[in-house]
Amino acid sequence: MLLLALTLLACGDKDADSGDAGLDPTMANVQAEVFAKSCAFSSCHGEGGGSADLDLSSAEVSHAQLVGVASTKAESETRVVAGSTADSYLWTKLQAHDDGTAVIEGDPMPPSAPLADDQLALVQGWIEAGAPAE
């Protein structure tokens, strides 16, 4: 019985540490947990278009400016290719902190530090799910 209790406690600790990893990969969740917290500031990608003319201030605008849209800095790249992180320049920019081989224009995103693992998992899940608008 004690062993069962310890096992359940250990599992509970893992779930508590997982943060946002359990969120559904929706545009609303990506907006709330990633873009609003790490990107949508006036100095970065705030309302009205910030760096690279990219506005990530709301889910509707973010989706319209990311999915199937060419990058303004790397014109041969598409910001988000629905269903493929490998072909999505956003994913390349997010991974550039950890991957010294990534070829990007400008800085990795966000420039100050990489996103948390749970935030990356949420973005990856959203893209791989077809980057739905909802």
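Debye sum, Cα scatterers, segment 25-128, no solvent: what log₁₀ I/I(0) at q = 0.12, 0.14, 0.19 1/Å?
With no solvent term, the Cα-only Debye profile gives -0.33, -0.45, -0.91.
Would you mind ranking Met109, Met27 by Cβ crowding within 10 Å, fewest neighbours first?
Values: Met109 25, Met27 20.
In order of increasing Cβ crowding within 10 Å: Met27, Met109.
Hey, can you grab everything whose amide H is under 5 Å from the amide H of Thr78? Only 5+ residues off in sequence or another chain; H modelled, so Pro and N-termini drop out.
Here Ser71, Tyr89 satisfy the definition.
Indicate the gyration tensor shape class of segment 25-68 (rounded, prolate or oblate), computed on the Cα atoms with a ≥ b ≥ c the square roots of the eigenvalues: a/c under 1.5 is rounded; otherwise a/b larger than b/c is prolate and the rest oblate.
oblate
Counting other C-beta atoms within 10 Å, which of Ser57, Ser62 has the fewest, and how do the rest follow? Can you show the working numbers first?
Details: Ser57 20, Ser62 24.
Lowest count first: Ser57, Ser62.
For the pair Glu134 and Asp118, how long in nm is the line joining their label points, each one 7 Å along Cα→Cβ?
Each label point lies 7 Å from its Cα, and together they span 2.6 nm.
What is the sum of charges around Arg79, taking Lys and Arg as +1, Asp and Glu as -1, for the other residues whose C-beta is under 14 Å from the C-beta of Arg79?
-4
None of the figures in this text is laboratory data; all of them are computed from the coordinates on show. Everything quoted here is computed from the prediction, not taken from an experiment. Cβ atoms come from the backbone with ideal geometry, glycine included; neighbour counts cover every protein chain shown.
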